[in-house]
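Data block below; observations after.
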Amino acid sequence: PRGGQKAGYANLIAQQAGFNIVLPLVAPPGAPNELTLVSPGPPPVITQLPGTTSGRENPNFQATDLAVPGHKVQDVISTRPNANPAAGQQQLDALVLGIPWLALNISRSQLEWAEALDATTIFLWIGNNDALVADTTGMPSSMTPIATFTASYQSLIGQLLQNTKANLIIANIPDVTLVPYLTPAPVVLAELSAASGVPTAQLSVLLGIGPGDLVNPNGIQQAQAILQMKQAPPISDAGFLSAAEVATVQAQVNAMNAVISQQAQFAGATLIDVHSFFNAVAAGGVTVNGRPVTNQFLGNAFSLDGIHPTNTGYALLANYFIDNINNNLKTSIPDVNVSAIAMSDPLFHAVQPPPGARLRIPVNAGQHVDQVINH
């Protein structure tokens with residue numbers, strides 16, 4: 001949505017550095033429709049804003065923020081917008097990449113636009129969706145195979161070096177098992193036990209989940225159906241990442257990041273280690289205005305879909321980029337005023353759970369992002 005785009009890390013960095021970027025601003029209620037917090041609960045109640053977007057708010061301007069939700073590395077290279085887009089991913093492609101030039105039969109991918117726009121600096125943060133698909137499907141096998149990822153990433157960097165003169169600032173991939181889109185199995189079991197009166201140990205056997213497992217919204221929905229006797233137990237493999245699968249996902253993200261690191265070095269690029277940034281958030285080492293910023297749901301770092309940052313999270317991320325850029329390129333870009341952004345961030349003040357309590361993402365909020373990642 002429009003507000004989220006303006007609060008994003010790219011726009012904040014541009015403001016601080018004193019250069020202009022053109023955002024592909026999407027009219028309310030967004031695409032897909034923006035989530036809104038009805039009540040922090042517990043349990044939290046979240047709904048989508050009603051209506052349908054009228055499209056781009058700035059349809060006469062070519063976007064220079066070319067990032068398309070849902071895109072993987074290969075999409076950056078080869079996915080072009082369609083003049084008659086189907087609802088869903090093709091609509092997102094057209095909103096970002098197709099306006100205004102698609103009307104003149106000019107259709108370009110993210111990479112092709114980056115080359116055509118003759119930028120002096122390019123921020124490249126791609127690969128998250130190649131990994132996040134494991135969360136939404138519950139299956140590490142759905143991640144982009146490392147050989148495919150390597151070939152695509154090498155091709156992308158090679159073409160940027162050959163066809164542009166831009167300085168490259170490249171970010172790597174966070175540990176996608178740390179996002180609050182996934183809920184630790186003990187949290188799910190405790191909630192279901194409190195609601196049903198069935199002991200957690202018995203529920204663990206019935207549902208097939210236990211310590212170390214991470215349950216996605218599909219799995220939570222399945223668990224509720226099982227307890228209502230609408231589905232046979234246990235939760236299917238699509239509903240959670242087992243402890244062993246979590247380790248597999250983390251290992252593959254590390255392998256992907258090794259490729260990114262190697263390619264950044266080859267390109268002479270500045271590498272932003274956002275993997276370490278989000279690890280620090282998950283470790284509880286970040287506070288703003290005296291309040292912790294954590295990777296828990298409604299923990300101030302992540303928004304209502306459990307994957308994208310809050311305004312406060314984006315401000316912290318922007319400063320992480322800025323500080324690394326200043327250190328590596330000897331620039332003096334001023335930091336974002338995170339405190340001021342947090343003061344106006346509705347999700348920063350949404351809720352403070354009781355000590356020791358942990359909220360989980362509502363099923364409908366998690367499903368909101370599935371349609372983008374699972375395209």
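Working note: Cα gyration tensor of region 84-169, eigenvalues times five, square-rooted, sorted largest first, giving semi-axes of 25, 21, 10 Å. Entry note, the chain: the mean residue ellipticity at 222 nm calculated from DSSP H runs of n ≥ 4, each adding -39500 (n - 2.57), is -13000 deg cm²/dmol after division by the residues and rounding to the nearest 500. Computed from Cα atoms, the angle from the helix 217-227 axis to the main principal axis of the chain rounds to 20 degrees. Backbone amide hydrogens, once placed in the peptide plane, bring LEU124 within less than 5 Å of ILE169, ILE170, ALA171, excluding anything fewer than 5 places away on its chain. Between GLY210, MET343, LEU23, the Cα set farthest toward the positive side of the dipole of the chain (charges on each charged residue's Cβ, about the Cα centre) is that of MET343. 3J(HN,Hα) couplings calculated from phi for region 82-89 with the Karplus curve 6.51 cos²θ - 1.76 cosθ + 1.60 (θ = phi - 60°) are, in sequence order, 9, 5, 10, x, 6, 4, x, 4 Hz; Gly and Pro show x.
Largest first, the extents of the alpha carbon coordinates of region 280-375 on the three principal axes equal 45, 38, 25 Å. For the chain, place one equal point scatterer on every Cα, skip the solvent, and apply the Debye formula. What is log10 of I(q)/I(0) at q = 0.08, 0.11 Å⁻¹? Those come out to -0.41, -0.79, one per q. In region 1-127, one over the average inverse separation of all distinct C-alpha pairs is 15.7 Å, which is the Kirkwood hydrodynamic radius.
Phi angles across region 268-277 convert, under the Karplus curve 6.51 cos²θ - 1.76 cosθ + 1.60 with θ = phi - 60°, into 3J(HN,Hα) values of x, 8, 8, 9, 9, 8, 5, 4, 5, 4 Hz, Gly and Pro given as x. Considering only chymotrypsin sites (Phe, Trp or Tyr not before Pro) in DSSP loops that have at most 15 other Cβ atoms within 10 Å, the longest stretch of the chain without any of them is 62-375. For VAL286, the amide hydrogen comes within under 5 Å of the amide hydrogens of VAL293, counting only partners 5 or more places away or on other chains and with H modelled in the peptide plane. Would you pull out the residues with amide H under 5 Å of PHE240's amide H, same chain only if 5 or more places away, H placed 1.01 Å from N? Sorted by chain and number, the residues that satisfy this are ASN216. For the chain, the dipole from Cβ point charges (+1 on Lys and Arg, -1 on Asp and Glu) about the Cα centre works out to 280 debye, to the nearest 20. Computed from the Kirkwood radius of its Cα pairs, the Stokes-Einstein diffusion coefficient for region 232-276 at 4 °C and 1.567 mPa s stands at 101 µm²/s. Cross-link reach is defined here as a Cα-Cα straight distance under 26 Å, omitting same-chain residues fewer than 8 places apart; for LYS330 the lysines meeting it are LYS165. The separation of region 1-33 from region 286-343, counted between C-alpha centres, amounts to 15 Å. Of the candidates ALA195, ALA258, ALA94, which one comes out as most mobile in a Gaussian network treatment of the chain with C-alpha springs shorter than 10 Å? The residue that fluctuates most here is ALA195. Residue-wise HN-Hα couplings along region 181-190, as the Karplus relation 6.51 cos²θ - 1.76 cosθ + 1.60 with θ = phi - 60° gives them from phi, are 4, 9, 10, x, 3, x, 5, 5, 5, 5 Hz; Gly and Pro carry x.
Computed from the coordinates by the stated procedures, all read-outs in this text should not be read as laboratory data. Here the structure is a predicted model, which means the values were calculated and not measured. A quick note on method: Cβ atoms are made from the backbone with ideal geometry, for glycine too, and the neighbour counts reach across all protein chains shown.
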